[in-house]
2 protein chains.
Amino acid sequence: MDKREGNGIETPMVFAAALADGMGANVCIRRLKAGETLYVEGESADYCYEIVSGVIKEYNTLEDGRRQVAEFYSAVEMFGFSESEDQLHTAEAITPCTVRCYPREAFMKTVAASPALSASFLKTLMTRLHRARERMVMIGRMSAIQRVATFLLRLADDQEARANVHLAMSRQDIADHLGLTIETVCRTLTELKKQQIIVMESARIFTIADEASLEAVAMGSRARLH
Amino acid sequence: MDKREGNGIETPMVFAAALADGMGANVCIRRLKAGETLYVEGESADYCYEIVSGVIKEYNTLEDGRRQVAEFYSAVEMFGFSESEDQLHTAEAITPCTVRCYPREAFMKTVAASPALSASFLKTLMTRLHRARERMVMIGRMSAIQRVATFLLRLADDQEARANVHLAMSRQDIADHLGLTIETVCRTLTELKKQQIIVMESARIFTIADEASLEAVAMGSRARLH
DNA sequence: CGCCGCCTTGACTCCCTTCAATGCGAGTGG
DNA sequence: CCACTCGCATTGAAGGGAGTCAAGGCGGCG
């Protein structure tokens, strides 16, 4: 299973286009500041969203306050659909964001009415499911350094860059995404720096200095701490 | 997030019925012995499946031979759809099984062509996605005993029983499902026995003796080993 | 300048894995 | 009927990787 596929633009053009046709009048744009929530777990799910710019994290909060970040979404991804009437996650902007909002009922009807849209939407969901399972493998079976390496590689791929890759999210967000603690994420990044596999331009910007090694670490070559 | 919802019959009746109408002629039945594989990761995905009887595990194998079991499927669940042309998982019978096989192309077309079927199928996929995310939380944030307790409760719910609940899968399968080792699963079960929260009739049959405690353990009351 | 949030590092602990041996039930053949 | 075996399950001992607790460090902003 390739951990690095399935990124980039996963919402075929036909999607946005046909949607705009079908329900143009009801769509609205919303702008969010960093830290603002788009929706909160438990509230009524009235809209589906398409992200135009910025980065959004979707997460659950456990009883003890810990979080599990299910996904980070960036430009042109759709999200916010749920099989229940209520939102099952909380979505929060981690950078200033622009999102397009589709009324849920109308959105679902429009999709169900068009075979082409249905097929696209099904595909999006299946991709999402596949990603979730990849991450289950990652969280369940990979060491901290493997998880972080995999995460960095995915970010670099998404941004189609190897130098000055931007970390939109905080260390805490990364930890919550990878099923680690913030301290472990830090130490692991430090270790990758020490091994000169990555260079940190700043806390939020990094460059991959040795991609082969980073991939080797991600694949589980026993490159240990120490 | 309630860990115990979303089980049981998740494929609405309209599904099977309309499918039978739409493509009755092309559907075939297949029987599997325990241990037989239905499909293997990487091979061409020509069918979608509906399980009539028995239990199937769907998993990935990592380079080093470890496995991550994505799901166990039992009666009346549909599975085997993938966004790619190829199977992304391996499906293997863990008991003797009967499955109904739908040719993939025709299946997808039939679904996309019918708004009602589309809606059902979407719901199934969203439920599956939700389950995958619940399990990400479980694997990423819960202790071994919490995971095992949660797993036992889910099994009992699926079988709608509290006594003589059947474990169709081996300890290894459970471990691979929960992101643990077989030894940890064993020790954890032993600990739950010692605390008289469960009783093991045999290695593969258990009874929940103290459901409240089992739920407390699953929720994370600090019931430690020792 | 000084506060505040985020990040980093250190020391210690502990839960889970690893490695290794033993138990146990079912099927087989002498 | 019983010895033998094979796969699965259980238990023990030891070690390590990541969590926890605690103390700075650093950069941005009023």
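Among residues of the range B:46-62 being within 17 Å of B:Glu77 (Cβ to Cβ) and within 14 Å of chain A (Cβ to nearest Cβ), the one that is farthest from the chain's Cα centre (by Cα) is B:Cys48. Yes or no: the range A:130-143 includes at least one residue that is more than 28 Å from B:Gly65 (Cα to Cα) and in a helix (DSSP H, G or I). Checking the range A:130-143: not a single residue is more than 28 Å from B:Gly65 (Cα to Cα) and in a helix (DSSP H, G or I).
Residue count for the range B:168-226, restricted to those that are surrounded by 16 or more Cβ atoms within 10 Å (Cβ to Cβ) and not in a helix (DSSP H, G or I): 12. Please go through the range B:151-204 and give me each residue that is basic (Lys, Arg), within 27 Å of B:Asn60 (Cβ to Cβ) and within 14 Å of DNA strand D (Cβ to nearest atom), ordered by number. Within the range B:151-204, B:Arg171, B:Arg187, B:Arg204 qualify.
Note on the range A:60-92: residues that are within 16 Å of DNA strand D (Cβ to nearest atom) and either of a type in the set (D, E, K, R) or in a strand (DSSP E or B) (or both) amount to 7. Comparison of A:Ile208, A:Ile197, A:Ile145, A:Ile139 shows that the only residue that is away from chain B (no Cβ under 12 Å) and closer than 23 Å to B:Ser143 by Cβ is A:Ile145. Is one or more of the residues making up the range A:163-184 away from DNA strand C (no atom under 16 Å from the Cβ) and either at pLDDT below 95 or facing chain B (nearest Cβ under 10 Å) (or both)? No, the range A:163-184 has no match at all. The set of residues in the range A:144-167 that are of a type in the set (A, V, I, L, M) and in a helix (DSSP H, G or I) comprises A:Ala144, A:Ile145, A:Val148, A:Ala149, A:Leu152, A:Leu153, A:Leu155, A:Ala156.
Residue by residue, here is whether (1) more than 15 Å from B:Met169 (Cα to Cα); (2) modelled with pLDDT under 95 holds:
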position	(1), (2)
B:Cys28	yes, yes
B:Arg67	no, yes
B:Phe72	no, no
B:Ala91	no, no
B:Tyr102	yes, yes
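The set of residues in the range B:93-116 that are assigned to a helix (DSSP H, G or I) and more than 9 Å from every other protein chain (Cβ to nearest Cβ) comprises B:Arg104, B:Glu105, B:Ala106, B:Phe107, B:Thr110. Right, B:Ile56: at pLDDT 95 or above and touching a helix residue (DSSP H, G or I) at 6+ places or on another chain (Cβ under 8 Å) or not? The answer is no for B:Ile56.
The values are calculated or read from the model by the stated rules, or taken from the named source; none is laboratory data. Source: prediction; values computed, not measured. Positions of Cβ are generated from backbone atoms using ideal geometry, with glycine treated the same way; all protein chains shown enter the neighbour counts.
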